[in-house]
Amino acid sequence: MTHTSALERFLRYVTIDTRSDEHSTSSPSTPGQLTLLKLLVEELQGLGLTDASLDEHGYVMATIPATDGRADDPAIGFIAHVDTSPEMPGADVRPIVHRAYDGSDILLPDDPAAVLRVGDIPALASQIGNDIVTASGTTLLGADDKAGVAAIMAAVEHLVRNPDVAHGPVRIAFTPDEEIGRGADRFDVKKFGAVCAYTIDGGSVGELEYESFSADAMTVTFQGFNTHPGYAKDRMINAIKLAAEFIVRLPQDGLSPETTEDREGFVHPYVVDASVERTSVKLLIRDFLTSGLRQKESFLERLAHEVVAGAPGAGVEFKVEPSYRNMREVLDRHPEVVERARAAMGRAGITPIEKPIRGGTDGSRLSFMGLPTPNLFAGEHNFHSRLEWVSAQDMDRAAQVIVQIARSSDRAIE
Ligand SMILES: [Zn+2]
């Protein structure tokens, strides 16, 4: 496989501004995503995938038909998202290819403070001789997840141009609005028709992720009593102070994002909506075990009840909304899905790096919607940053793994 294919596509895709927008109610949330989605349909059709189409919610789906004798294999899917993070500037991205990287710090021309320092970025050390792509210093690059889009497109091209490479039916999907948590919302699993899928949206070569957080959103609302502050003696109950007391009582040495790592979960107050009469604290609840979420929520309820117990007349209410669940709960029931990726990496000469994700992916939701979906590397680094980068060779390695997965004839996957 030549390595020009993924890179050339990648450089084209990143120039389209596809930042998603959580304030928008449309799907996709922004018109820039539609521009790229339509381009991808054209490119897929140009490669001979005649059923490539864009649905009314901004999801592209297409099929690479099976080669002779493999039509009865179960269909395998590959998925990447086209949107980029709304938290960073993403218009007028000017990608720069640093050919045959020599191992030194990389200075980005549009901002003297934007430097990829080898000392800060250990992953750069393994990239000497490769072609590194960065933005120019003032915007994100969009490798998250256009590296995944480019790798999938390069794999499609390889399979189409090499009909001697035997494979079963392959389904492709490009999705909108992953960065604002809506990527799986309108994904039509039934129409997709695959027995399993792989998102191509990870970092270093070899990353194979099949375990994510389980996640809830919790709102703790303190009810106080407001009155004219000049005549409030023995009457006013300040809900802001109750909420502050609740937050102060959270553990100082654990259970928070800033004190946990690896397999530890946390509770994370991130928004306070405050008034004397009524104050709500919104918290993210995270754990690798869904039962661990319940424990953390009970702990917070006890804490809040203790706070209001000290303020007669005050009240407290709780609301818990499930966000997503650890995909491993599904994937443990389909071990062949992860095994297929492991074996494919082995055939491509890549050692799998298996570690839990301290977050969620579209695959966390899709797995529970009936489509077991682990996540594989795309070569992305420094997500959501002006220092985002990817190497052309890593994107090609991702394309090779996709081809190897498509070739596998393990019918046990059904
Ligand atoms: Zn992503």
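The values are calculated or read from the model by the stated rules, or taken from the named source; none is laboratory data. As the structure is a prediction and not an experimental result, all values here were calculated from the model. Cβ: placed from backbone, ideal geometry, glycine included. Neighbour counts: every protein chain shown. What goes into the accessible areas is simple: the full protein's heavy atoms, side chains included, and nothing from ligands, DNA or RNA. Shrake-Rupley method; radii C 1.70, N 1.55, O 1.52, S 1.80 Å.
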Accessible area per residue in Å² at 1.4 Å probe, computed on the chain: 43 Å²
What percent do you get for the relative contact order of region 116-213 when only Cα pairs under 8 Å and 6+ apart count? 30 percent
Give the long-range amide H neighbours of Ala215: residues separated by 5 or more places, or on another chain, with amide H under 5 Å away, using H modelled in the peptide plane at 1.01 Å from N. Ser323, Tyr324, Arg325, Asn326
Pop the C-beta distance of Phe299 and Asp332 into the FRET formula with R0 = 30 Å and round what comes out to the nearest 0.05. 0.65
Given a cut-off of under 8 Å on Cα pairs at least six residues apart, what relative contact order in percent is computed for region 301-414? 28 percent
Count, lysine Cα pairs under 27 Å in the chain, 8 or more residues apart or across chains: 14
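Evaluate the Kirkwood expression for the hydrodynamic radius of region 91-136, namely the inverse of the mean inverse distance over all pairs of different C-alpha atoms, and round to one decimal in Å. Walk me through the numbers before you get to the answer.
Details: mean 1/r = 0.0904 Å⁻¹.
Result for region 91-136, one decimal place: 11.1 Å.
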How much FRET efficiency would the formula 1/(1 + (r/R0)^6) give for Arg235 and Ala309, where r is the Cβ-Cβ distance and R0 is 22 Å, rounded to 0.05? 0.70
For the residue pair Arg249 and Ile128, what label-to-label distance in nm results when each label sits 7 Å from Cα along the Cα-to-beta-carbon direction? 5.7 nm
Portion, in percent, of the accessible area of the chain that falls on carbon or sulfur, probe 1.4 Å: 51 percent
Quick one: if the Förster radius is 60 Å, what FRET efficiency do Asn226 and Lys191 give, using the C-beta to C-beta distance and rounding to 0.05? 0.70
Sort 220-232, 76-88, 109-121 by packing, meaning the average of other beta carbons within 10 Å per residue, with the highest value first. 76-88, 220-232, 109-121
Relative contact order %, the chain, counting alpha carbon pairs below 8 Å whose residues are six or more apart: 24 percent
